[in-house]
Amino acid sequence: MPVVLLLVTWAMRIEPPNLKVLGNVSVIVFGVIIASYGEIHFVLIGVIFQSFGLLFEASRLALVQKLLSSPEYKMDPLVSLYYFAPVCAAMNALCCIIFEGPRLSIQAILDAGLVMLFMNAAVAFCLNVAVVFLV
């Protein structure tokens, strides 16, 4: 993901290209490739989904950075989260209805556990707050 994020920030003219950072990230990526060689079972649809997910997340982070650092908007991180969170929730709900809706039941929710679902939601919220403050 860091390589994709570097390329997206360069394409959106947020930051100038930095070959030192790209080199460091490339070494990390190469290390992950070596560590996972032979441990993976290649599934093309998973690679496609993961690639699109990385591209969309990198684009989102670059746009958030552009929005927060722009002098014309002057948004602080919590105000931006106030605007981004409902959009993210609506997109997740739409994807849930399309992909998970036919198989979703109350029993499946109870099997997962309500405490686990609420803890997952709390961690996701904290992650969004941390990302916005980091950017």
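The numbers here are math on the coordinates, done by the rules we state, and not lab data. Not measured: the values here are computed from a predicted model.
For the stretch 18-116, count the residues as N, evaluate 2.2 N^0.38 Å, and divide the Cα radius of gyration by that value, please.
1.52
Taking a temperature of 20 °C and a viscosity of 1.002 mPa s, what whole-number D in µm²/s does Stokes-Einstein yield for the stretch 55-101 with Rh from Kirkwood over alpha carbon pairs? It would help to have the intermediate numbers written out before the result.
Details: Rh = 12.0 Å.
The diffusion coefficient I find is 179 µm²/s.
I'd like the Karplus ³J(HN,Hα) series for the stretch 106-119: coefficients 6.51, -1.76, 1.60, θ = phi - 60°, whole numbers in Hz, and an x wherever there's a Gly or Pro.
4, 5, 5, 5, 5, 5, 5, x, 5, 4, 5, 5, 5, 5
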